[in-house]
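Structure record follows, encoded as structure tokens.
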């Protein structure tokens, strides 16, 4: 949906500010980007409608909700048939402990970010998701020791376009 969208400098300034703080009041945002509040509001609505802004969420620290462990699991499928991929995607999307996932190229077919309360809950999860699934050839777990950057900020400058 976002294939042929043309963004001008005002759109880019709005996107940059919203990535910093999506809760900024429109009048304050308009002042920062040099637009009137109504013009700014119309542009934000357009950016949402055309799919440039996909969603706005609160980023919650997993530890505060009892999820102190994070892992990246690299998954290799036995075969890469479309049905197998579709079924695995549905399985991953339905699992609350899977917080991000990517179908990737290279040695692995998927990379999955999961959270766990402890190693036992992690073991139960990967057994249910991967070890007991005969469509999975192998999976490798990388335990996250420390998160170094979590912004999710998409570059807005000229190098990003």
Fewest to most Cβ atoms within 10 Å: 67, 102 sort as 102, 67
Between 0 and 90°, nearest 10: helix 9-20 axis offset from the chain longest Cα axis: 50
Value of [θ]222 nm, deg cm²/dmol, for the chain, DSSP H segments ≥ 4, -39500 (n - 2.57) each, nearest 500: -10000 deg cm²/dmol
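Over the chain, what is the mean sequence separation of C-alpha contacts under 8 Å (at least six apart), divided by residue count, expressed as relative contact order in percent?
Numbers: 162 pairs, mean separation 41.5, N = 161.
For the chain, the relative contact order is 26 percent.
Kindly give Rg over Rh for the range 62-143, based on alpha-carbon atoms, with the Kirkwood expression for the hydrodynamic radius.
0.96
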Candidates 148, 76, 84; GNM for the chain (alpha-carbon contacts under 10 Å) flags as most fluctuating 148
Remind me, relative contact order of the range 9-58 in percent, using alpha carbon pairs under 8 angstrom and six or more residues apart? 30
What is the distance, in nm, between label points placed 7 Å from the Cα along the Cα-to-Cβ direction at residue 144 and at residue 120? 2.4
Working from Cα positions, state the angle (0 to 90°, nearest 10) between the long axis of helix 37-49 and the longest principal axis of the chain. 30
Helix 82-94 vs. the chain, principal-axis angle (Cα, 0 to 90°, nearest 10): 70
Along Cα→Cβ, 7 Å out, is where each label goes; now give me the distance between the ones at residue 84 and residue 41 in nm to one decimal. 5.3
So the FRET efficiency between residue 22 and residue 103, C-beta based with R0 = 22 Å and rounded to 0.05, is 0.20
In Å, descending, principal axis extents of the Cα set of the chain: 57, 37, 27
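Since every read-out is calculated from the coordinates, none of them should be taken as a lab result. Computed from a predicted model, the values in this text were never measured in an experiment. Using ideal geometry, Cβ is built from the backbone for each residue, glycine included, and neighbour counts are taken over all protein chains shown.
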